[in-house]
Amino acid sequence: MSDPMSGSGPLTQKKPMAVTVYTPASALRDPGLMLRSMFADLRASRELAWRLAQRDIKAQYRQSLLGYLWAFIMPLSTTLAWVYLNSSGIVKVTSTGMPYPIYVLTGTMLWQMFTEALQTPLGQLSASKNLLAKLKFPREALILSGIIKWSFNAGVKMLIIIPALFILGGSPDIHILLVPIILLAILLIGTAIGLFIAPIGLLYTDVGRLIPVVLQFAMYVTPVVFAMPADGFAAKLFRINFMTPVIVNGRAWLVGMEGSMLQEMALICAAASVLLFLGWVLFRTTMSVLIERMSA
Amino acid sequence: MEEDVLIKVEGVSKKFCRDLKTSLRYGMADVRDEVLGRPRTMELRPKEFWAINGIDFQVRRGECLGLIGHNGAGKTTLLKTLNGLIKPDAGRIEIHGQVGALIALGAGFNPILTARENIYINASVLGLSKKRVDERIDEIIAFAEIEDFIDMPVQHFSSGMTVRLGFAVAAILIEPDILFLDEVLAVGDINFTVKCLNRVRELMRTSAVVFVSHNMPLITSFCTRVMVMDHGRCVLDTEEIGVAVNHYFGLAKNSVQISGSGDASVLDLHLSANGVALENDTPTILQEQELTATVRIRIEKEQLGEMSITVADATLTALLVIPVVDENGTPISLGPGEHELQIPLGPVELNAGLYSFVIAVRNASTKVNLCRHQGVHPFRVHADRVHWAKFVRTGVTTVKELERTTVK
């Protein structure tokens, strides 16, 4: 046949045929194979992840007038609310060591990034239920595209917050170059926890509803809008909270101050990396079980 | 030939749960077992059933296996298991080579974005690179016949255009060793359907195909082998497509649908073939037999009714209408009371399959529907050969060869 569409191209002909075997056995039974296919799938999912992220970002901004400003509106409104509460004396915040608006703005901004990172894996999977149930593609692509979208949003937020800091009377300096470390830490911790939540969240929608509730409480035991209490029960909660060092350092570096609790932060990041890997394994082993319980 | 077997399925079974809440609970238990590396059990938990049960088959390159069966027979579940979307609870599946699926056309489309952007997204979801799309995008656009709308957001597309685009992306780009098809061929208008079928035929030449459809003419035309499924089991696996199609129709539960004002009713319908009365509920008739229907109907109230009788296929598509007229060709008027009519239907020229009657009575002057019975007296037509058409004319025609030239 002269038809160029018929037959498989020379490319596919030369490749040795891949053999795939499906059995009831858990993928964990063969850790070596699992590890290899994990990284193979991760590599294979890059283009799809990139394209899905591009799709969502384009679609999101094409249908919006304010566009990129939305990334900033949420933290800004929280900041205004807390500045009002503080200045009117309804809530008395102990000294924060910097202008209160800057304290709240940096805090809510970083905290919002954390909550987004944490909710991204479940959000991505829920939004793609239809695809998951019908087509075979590297599932990592959904997680990866969530990470790309998060990074894009984080970049936009950073571009806006730096001029805002100057306007509010702050003086960011060379320390700001360290902020990407904080962003990475937030992404790492958020995604790791998010990956653990996602499988259960795909089965029961309760999980998706519970997350914002829990995060709301968590915010008040993290130095987001309040200063770290010096003593008492609250101080203990702040101290065992793994997000405290991340937020504290992030804020410090944003406003041009020395970081503190660096060792704790390094330790937390190391733990989060392990968790992230385990979360990935969990995600892979449970995906096919979850897909059969999805209706689509 | 062993290495040419691209799909090997051995004793594959899969459980499903009838109840959502229980299903979710089992899902949690399965997640736990999966993480602990525990084997799956073959025992059914309460409210579970076998969605597919002990399925075995092999498909070689160049073969097309048709999966037929009624809704819920397990066809789609089997296809999902083959595609690796869900894991079998028992058995083993071996897949050799690149899998392409014409399932869920237009997956990943975002309505806000343009057709051009969506082509790239859809291709990515199918695992095809940007480079491949770049090379073929004109071909895709031409196939989908959307040249003028390529930079328009897909949300303004008609549903037909969207489906065409989805089909074009997948069908042009994939070069599979194994092809899965699930009821996606009858898309768009008739011209496009023909184009789809031709493209699929091309793909089939070089791949091993599993084809799920309720469209029996398509099954007869495409498949080299057919597996009939019922309640998760394979009840028949044969290369004689006609036998399989007949078997499939035999599984059908016929039900009579009645509508209309209710001022008339069909009391009874009897069939006779070549003068012999057929007693069965769903008799089998041979091609070329002369069929006669004897119908008893009842008309209520003071009015005149006229009647029509139609032969419909298994999808209730009307195929053949026999006007109920007298020797002058005027419709017979039926007054109040009961009437028994003998209606000659002529020789059976229907292709093998399952058929039934539609009988309608309407008021002769107002044309109001008095009654309409669908699916009346189903019957099966048997033939040694199944053709790809609704009607078959044999016996009365002899083909003469007028000229013959030989070509080297």
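For residues in region B:38-59 being among the aliphatic types (A, V, I, L, M) and part of a strand (DSSP E or B), which is nearest to the other protein chains (Cβ to nearest Cβ)?
Selected residue: B:Ala51.
All but one of (1) within 14 Å of another protein chain (Cβ to nearest Cβ); (2) surrounded by fewer than 21 Cβ atoms within 10 Å (Cβ to Cβ); (3) in contact with a Leu (Cβ under 9 Å, 6 or more places away or on another chain); (4) not β-branched (Val, Ile, Thr) hold for A:Asp206; which doesn't?
With respect to (1) within 14 Å of another protein chain (Cβ to nearest Cβ); (2) surrounded by fewer than 21 Cβ atoms within 10 Å (Cβ to Cβ); (3) in contact with a Leu (Cβ under 9 Å, 6 or more places away or on another chain); (4) not β-branched (Val, Ile, Thr), A:Asp206 is out only on (3).
Can you tell me which residue within region B:1-37, out of those that are assigned to a helix (DSSP H, G or I) and within 30 Å of the chain's Cα centre (by Cα), is nearest to the other protein chains (Cβ to nearest Cβ)? Working first, answer last.
Here is the first cut: in region B:1-37, the ones assigned to a helix (DSSP H, G or I) are B:2-4, B:20-36.
Cutting the leftovers down to within 30 Å of the chain's Cα centre (by Cα) gives us B:4, B:20, B:23.
Values: B:Asp4: 11, B:Leu20: 8, B:Ser23: 6 Å.
Out of the qualifying residues, it is B:Ser23.
Looking only at helices (runs of 4 or more DSSP H) that lie completely in region A:87-184, which have at least 3 residues being among the small types (Gly, Ala, Ser)?
On the way: elements: A:100-127, A:129-134, A:140-167.
Fully inside region A:87-184 and qualifying: A:100-127, A:140-167.
A:Thr96 is checked against (1) within 14 Å of chain B (Cβ to nearest Cβ); (2) among the hydroxyl-bearing types (Ser, Thr, Tyr); (3) over 30 Å from B:Asn83 (Cα atoms) and fails just one. What number does that condition carry?
All conditions pass for A:Thr96, except number (1).
Can you report the number of residues in region B:238-260 which are surrounded by fewer than 16 Cβ atoms within 10 Å (Cβ to Cβ) and modelled with pLDDT of 80 or more?
Residues in region B:238-260 being surrounded by fewer than 16 Cβ atoms within 10 Å (Cβ to Cβ) and modelled with pLDDT of 80 or more: 7 in total.
Please tell me if B:Asn118 is buried (at least 21 other Cβ atoms within 10 Å of the Cβ), touching a Lys or Arg at 6+ places or on another chain (Cβ under 9 Å) and assigned by TED's automatic domain parsing to the domain that holds B:Pro217. Break it down stepwise before answering.
Details: buried (at least 21 other Cβ atoms within 10 Å of the Cβ): yes; touching a Lys or Arg at 6+ places or on another chain (Cβ under 9 Å): yes; assigned by TED's automatic domain parsing to the domain that holds B:Pro217: yes.
Yes; evaluated as a whole, the condition is true for this residue.
Residues being hydrophobic (A, V, I, L, M, F, W, C), part of a helix (DSSP H, G or I) and within 10 Å of another protein chain (Cβ to nearest Cβ): count how many of those fall in region A:279-296. Please lay out each step first, then the result.
At the first step, the residues of region A:279-296 found to be hydrophobic (A, V, I, L, M, F, W, C) are A:280-283, A:287, A:289-291, A:294, A:296.
Next cut, part of a helix (DSSP H, G or I) only: A:280-283, A:287, A:289-291.
Imposing the further condition that a residue be within 10 Å of another protein chain (Cβ to nearest Cβ) reduces the set to A:281-282, A:287, A:289-291.
Within region A:279-296, residues that are hydrophobic (A, V, I, L, M, F, W, C), part of a helix (DSSP H, G or I) and within 10 Å of another protein chain (Cβ to nearest Cβ) number 6.
Per-residue answers, yes or no, for (1) under 30 Å from B:Val226 (Cα atoms); (2) surrounded by 13 or more Cβ atoms within 10 Å (Cβ to Cβ):
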| position | (1), (2) |
| --- | --- |
| B:Val295 | no, yes |
| B:Glu302 | no, no |
| B:Ile332 | no, yes |
| B:Arg372 | no, yes |
| B:Phe379 | yes, yes |
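Among the residues of region A:115-130, is there at least one that is away from chain B (no Cβ under 14 Å), on the phi < 0 side of the Ramachandran plot, in contact with a helix residue (DSSP H, G or I) (Cβ under 8 Å, 6 or more places away or on another chain) and among the charged types (D, E, K, R)?
yes
Please go through (1) touching a helix residue (DSSP H, G or I) at 6+ places or on another chain (Cβ under 6 Å); (2) modelled with pLDDT under 90; (3) crowded, with 23+ Cβ neighbours inside 10 Å; (4) among the small types (Gly, Ala, Ser) for B:Ala104 and return the number of the only condition it doesn't satisfy.
Answer for B:Ala104: the failing condition is (3).
So which of B:Val209, B:Val169, B:Val163, B:Val133 ends up being within 12 Å of another protein chain (Cβ to nearest Cβ) and crowded, with 19+ Cβ neighbours inside 10 Å?
Exactly one of B:Val209, B:Val169, B:Val163, B:Val133 is within 12 Å of another protein chain (Cβ to nearest Cβ) and crowded, with 19+ Cβ neighbours inside 10 Å, namely B:Val133.
Being among the hydrophobic types (A, V, I, L, M, F, W, C) and more than 27 Å from B:Gly54 (Cα to Cα) is the filter here, so list the residues in region B:71-116 that pass it. Give the steps one after another, and end with the answer.
Taking region B:71-116 and keeping what is among the hydrophobic types (A, V, I, L, M, F, W, C), we get B:73, B:78-79, B:82, B:85-86, B:90, B:93, B:95, B:99, B:101-105, B:107, B:109, B:112-113, B:115.
Selection gives B:Leu105, B:Ala107, B:Phe109, B:Ile112, B:Leu113, B:Ala115.
Tell me whether region B:392-405 contains one or more residues that are surrounded by fewer than 19 Cβ atoms within 10 Å (Cβ to Cβ) and in a strand (DSSP E or B).
Among the residues of region B:392-405, not one is surrounded by fewer than 19 Cβ atoms within 10 Å (Cβ to Cβ) and in a strand (DSSP E or B), which makes the answer no.
The values are calculated or read from the model by the stated rules, or taken from the named source; none is laboratory data. These figures come from a predicted structure and were not determined experimentally. Note: ideal-geometry Cβ built from the backbone for every residue, glycine included; neighbour counts use all protein chains shown.
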